[in-house]
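J.: Can you keep this structure in mind? I'll have questions shortly.
Since every read-out is calculated from the coordinates, none of them should be taken as a lab result. The structure displayed is predicted, hence computed values, not measured ones. When we count neighbours, we look across all protein chains shown, and the Cβ atoms used for this are built from the backbone with ideal geometry, even at glycine.
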Amino acid sequence: MHVPSSTDRRRLSESSGETIPKIDGVSVAESDHQSQELVPAAVSENSPSQHQLVEVMTDVRNLHMDGDNCVASSGEKEGKGFRFSDGPSMEELRAIQADFAKQRDWDQFHQPRNLLLAMIGEVGEVSEIFQWRGECKAGLEDWSEKDKKHLAQELSDVLMYLIRLAEKCHVDLPSAAMEKVGLNAKKYPAQKVYGSSKKYTEYD
């Protein structure tokens, strides 16, 4: 069974004159994509409590406001930090992708296994960009704008497949990510692991 690749999709859009729909004005398909509820990540006895998650996010926000580590608007120099734009949300991206696939009758190709293998292929394309460059400094200051744009497109392909895979597996990705942040905070308390790259099993 043929699964349309990111290259196939780009060529299809270019040949038809179509553009990927924007957030404003997007017609989200009234299909089972809307009616299906995403199941939150399973909560185990070792999962962090809501209070612990709030504490973690407070620490993250404090880091954003902390002098040398402040998170600045995108486009500023690396020394002053970097941040993503405020939108779209992960749910908006999920809805756009679902509508995009429905309009092209691509749901038949988008089973979890297909999406996983397609995502791995896109990760390989990201790897190819870095393969022969040696070490790269944060911010990629010595890269051309063309190369940076290429990287952005390939990373976006990875993200789109990840979101689509999470949808098909009914994983509420934002909630699962926050739960994982809380678990990592418990495994790696800052006062114990600061400045160390050891695995949590190596600490007393």
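J.: Chymotrypsin sites (Phe, Trp or Tyr not before Pro) within region 87-151: which are DSSP loop residues with at most 10 other Cβ atoms inside 10 Å?
T.: When the chymotrypsin sites (Phe, Trp or Tyr not before Pro) of region 87-151 are filtered for loop state and at most 10 Cβ neighbours within 10 Å, Trp132 remain.
J.: What are the semi-axes of the equivalent ellipsoid of region 86-204, taken as the square roots of 5 times the eigenvalues of the Cα gyration tensor, listed largest first and rounded to whole Å?
T.: 30, 24, 14
J.: Using 7 Å Cα-to-Cβ label points, what is the Ser175/Leu117 separation (nm, one decimal)?
T.: Result: 3.1 nm between the two label points.
J.: Arrange the following residues from fewest to most other Cβ atoms within 10 Å of their Cβ: His110, His170.
T.: Sorted ascending by nearby Cβ count, the order is His170, His110.
J.: Neighbour counts of other C-beta atoms within 10 Å: give me Asp86, Asp107 arranged from fewest to most.
T.: By the 10 Å Cβ count, ascending, the order reads Asp86, Asp107.
J.: Within region 116-204, which trypsin sites (Lys or Arg not before Pro) sit in a loop by DSSP and count at most 14 neighbouring Cβ atoms inside 10 Å?
T.: Hits after loop and neighbour filter: Arg133, Lys137, Lys198, Lys199.
J.: What full-extension length gain, to one decimal in nm, is calculated for Ala190 and Arg133 as 0.36 nm per residue of separation minus the Cα-Cα distance?
T.: 17.2 nm
J.: To make sure I understand, if each residue's beta carbon is the centre and we count other beta carbons within 10 Å, what order do Ile120, Ile163, Ile129, Ile96 fall in, fewest to most?
T.: Ile120, Ile129, Ile96, Ile163
J.: Please go through the residue pairs Lys137/Lys198; Lys137/Lys180; Lys148/Lys180; Lys149/Lys192; Lys102/Lys149; Lys146/Lys198 and name each one whose alpha carbons sit more than 32 Å apart in this structure.
T.: Lys149/Lys192; Lys146/Lys198
J.: Still on this structure: Show me the GluC sites (Glu not before Pro) within region 136-204 that DSSP assigns to loop and that have at most 13 other Cβ atoms within 10 Å of their Cβ.
T.: Glu141
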